[in-house]
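I have a structure here, written as structure tokens, and I will follow up with some questions on it.
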Amino acid sequence: LTNYGGIGLIKEEVLPQYPFPPYFKLPDLGFEYIVHSDNIHSNSSKELNEKRMRNYLRLYGVDDEQKIDQIITDIVNLWSAILNITNSFDEDLANCEVLSVVMDEETFPLWDSYLEIAWNGTQFDLDDENTWPCNYFYNQLDKLCNANKEAIANYFALKFIYRMDARLEDKKFQTEHCNTMIQFVLPHLLDEIYMEEYFDNETRREISDIVKEVRKSLHEILEQAEWLDEETREQALLKEAAIKPHIGRLENKNVTNRLIRQINEFHYVEGNYELNLVNLFKFRTMQRRFNGLHHKEYDNYTMKPLELLKGIQVNSFYYNVDNSIYVMAGILHPPAYHKAWPAALKFGTIGYLVGHEFTHGFDSVGAHYNSVGEENYWWTAKAGKVFNEREECFVNQYNAYEITEIKRFVDGNQTKDENIADSGGLREALSAYHRHVKELNLSPKDEQMPGLELTPEQLYFMGFAQLWCASYKERHYWEELKSEHAVEKFRVLGTVTNIEDFSKAYNCPVGSKMNPAKNKCRMW
Ligand SMILES: [Zn+2]
């Protein structure tokens, strides 16, 4: 199932770090409605997931409605049993996923067979990192599977069909779906065409200037943070000075060309949509594993995550292992950037995103990688303690945000690094903007958008907020719960609540919701 791009009970991921070993995460149970123990029996969950299963079973020729009911009940019971195992781990589970690839623990007995199944018989060289501290969980899961073979088989079959199903609401979306599929499966080929057509040197130059301005602000902030001791400050400034920006995408002709040439291995069958679809998914899975399968041919300096080669994607990154930020060409469009916008809007959008990525070098993960990307905690114990206190402020702030639609709270701990990066990024880009205005002597009149009666500062914050404008249905909130990013609404509210300049720009009185008198959080 994994080889064909499906997801079973264990989700395969590849660690974004040389030698790119595979590791296994917990599954998202359910179909368009991800089930958790507190929603598994809710009406929306039942309606969406059960309807989905019922329709597939009917389409595939099960005509006995009682049998269908039985199959569905067995699958839902199976989910409950899996969730019981998952819940007995509580918070340790996240640790278990991450640590499984780096900790020196007893080897999990089924590890070899998982690798063999997932990597098609390829014994992946994990060096000495062939370790697994989550034995208990996977052993329990294994027992459960043995006791419920029919339910497991039915669930996997339905899940595979779901994966292959385009699920279009209307025929008119067919073309768009085909385009998306090709982009999903053959990104490196499309990327060549995309970069040629949509990315130019003028854009590169402008983004490069914005990156320079934001970097100056980061430098200032690190110099002025009164809570850092001199030893840590020195390390921080060293790290800042060494950050390499990549604008557009990571250029690696050798790997890109190899990935494109692999298309020869895609098996096209004339006139057979279903088989082609299956082959496309299989091809994509093989491509995704390129680094892991070929890591011996490259060294750890040239081999980077394949994600970084795809300029077409709407994203930006900070990559700890080579202390670099990546601003992908695909994100350089509205609402993140347009060359005709006033500087206030550019800094509030792409400027903030750049600042966000820079700041990841100085969050709780970045603290463990030094200026050349080696794993090395570079903070003194004293400064590290203050860091933890300030971090705690963010954890508490975001823990208090309730997603009323599903009666759950944001997980402040899980989202803390992203929230710290948001706050840092928005401050850095604002001071970069102020410096930019002075340097170019821009008049406030030129810094407005026609039709909007907003001051430049108001426009700056509006641009930031609009980046995260999102429309959710209930089921999307459940999907988002596992993300390191808080739900968009709280990314915006949480970040601006911490920034005094926002309150000034929008006249929020002290003590109002957006301008609390105390407990504002600040790292950078
Ligand atoms: Zn981030």
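The values are calculated or read from the model by the stated rules, or taken from the named source; none is laboratory data. What you see is a predicted model; the values in this text were computed from it and never measured. Here Cβ is always computed from backbone atoms with ideal geometry, including for glycine, and neighbour counts include all displayed protein chains. SASA here: full protein model, heavy atoms, side chains in, ligands and nucleic acids out. Shrake-Rupley method; radii C 1.70, N 1.55, O 1.52, S 1.80 Å.
How many angstrom lie between the Cα centre of the range 1-19 and the Cα centre of the range 467-509?
Using only Cα atoms, the two centres lie 31 Å from each other.
Working with all protein chains in place, sort 462, 164 by solvent-accessible area computed with a 1.4 Å probe, largest first.
462, 164
Could you calculate the FRET efficiency of residue 500 with residue 212 from 1/(1 + (r/R0)^6), where r is the beta carbon distance between them and R0 is 35 Å, rounded to 0.05?
0.85
Please give the net charge around residue 166, taking every other residue with its beta carbon less than 12 angstrom from that of residue 166, where Lys and Arg add +1 and Asp and Glu add -1.
Net charge in that neighbourhood comes out at -2.
Another question about this same structure. Could you give the length gained on full extension between residue 368 and residue 37, defined as 0.36 nm per residue of separation minus the Cα-Cα distance, in nm? Present the calculation step by step, with values, prior to reporting the outcome.
On the way: separation 331, 0.36 × 331 = 119.16 nm, distance 3.45 nm.
Answer, rounded to one decimal: 115.7 nm.
Still on this model: Can you give me the angle between helix 201-224 and the longest principal axis of the chain, using Cα atoms only, in degrees from 0 to 90, rounded to the nearest 10?
Rounded to the nearest ten degrees, it is 70.
If I model a spin label as a point 7 Å beyond the Cα along the Cα-Cβ vector, how far apart are those points for residue 62 and residue 157 in nm?
0.8
Taking a label point 7 Å from the Cα of residue 474 along the Cα→Cβ vector, which residues of the range 404-442 have an amide N closer than 11 Å to it?
405-407
Then there is this: Place +1 on the Cβ of every Lys and Arg and -1 on the Cβ of every Asp and Glu in the chain, take the dipole about the Cα centre, and give the residue among 314, 451, 4 whose Cα lies farthest towards its positive end.
451
Still on this model: Given the alpha-carbon gyration tensor of the range 433-524, what are the semi-axes of its equivalent ellipsoid in whole angstrom, ordered largest first, with each equal to the square root of 5 times an eigenvalue?
Working through the eigenvalues yields semi-axes of 28, 18, 13 Å.
Compute, for the chain, the length of the dipole vector about the Cα centre, with Cβ point charges of +1 (Lys, Arg) and -1 (Asp, Glu) only. Units Debye, rounded to 20. Don't skip to the answer; put the middle values down first.
On the way: 56 positive and 82 negative charges, 255 e Å.
Computed about the Cα centre, the dipole is about 1220 debye.
I would also like to ask the following. Count charges around residue 464 for me, please; just the other residues with Cβ under 14 Å from its Cβ, Lys/Arg as +1, Asp/Glu as -1.
Overall, the nearby charge balance is -1.
Could you tell me how many degrees, from 0 to 90 and to the nearest 10, lie between the Cα long axis of helix 135-147 and the main elongation axis, the longest principal axis, of the Cα atoms of the chain?
30
Still on this structure: Counting only helical runs of four or more DSSP H residues, what would the 222 nm mean residue ellipticity of the chain come to if each run contributes -39,500 (n - 2.57) and the total is spread over all its residues?
-15500 deg cm²/dmol
Counting pairwise Cα distances across the chain, what percent come out greater than 32 angstrom? Don't skip to the end; give the middle numbers.
On the way: 69420 of 137026 pairs.
Considering the chain, 51 percent of its Cα-Cα pairs are separated by more than 32 Å.
Let me ask something else. Going by alpha carbons, how many degrees (0 to 90, nearest 10) lie between the helix axis of 230-242 and the longest principal axis of the chain?
70
Just to be sure I understand: of the beta bridges DSSP finds with both ends in the chain, what percent are antiparallel, rounded to 5? Could you put the intermediate results ahead of the total?
Working: 13 of 18 bridges.
About 70 percent, rounded to the nearest 5.
Strictly over 27 Å apart at the Cα level, which of 385/416; 51/172; 51/473; 172/407 would you flag in this model? Don't skip to the end; give the middle numbers.
Values: 385/416 16 Å; 51/172 23 Å; 51/473 17 Å; 172/407 36 Å.
Over 27 Å Cα-Cα: 172/407.
Test of understanding: extend the Cα→C-beta vector of residue 392 to 7 Å, then name every residue of the range 488-524 with backbone N under 17 Å from that spot.
519-523
Here is a follow-up. Tell me the net charge near residue 394. Cut-off is 11 Å between Cβ atoms, residue 394 excluded, with +1 for each Lys or Arg and -1 for each Asp or Glu.
Net of charged neighbours comes to -3.
Based on the alpha-carbon gyration tensor of the range 340-388, what equivalent-ellipsoid semi-axes (square roots of 5 times the eigenvalues) come out, in whole Å, largest first?
Taking √(5λ) for each Cα gyration eigenvalue gives 31, 13, 6 Å.
Each label point is 7 Å from the Cα along the Cα-to-Cβ direction; what then is the distance between the points at residue 293 and residue 402, in nm?
Calculated label separation equals 5.1 nm.
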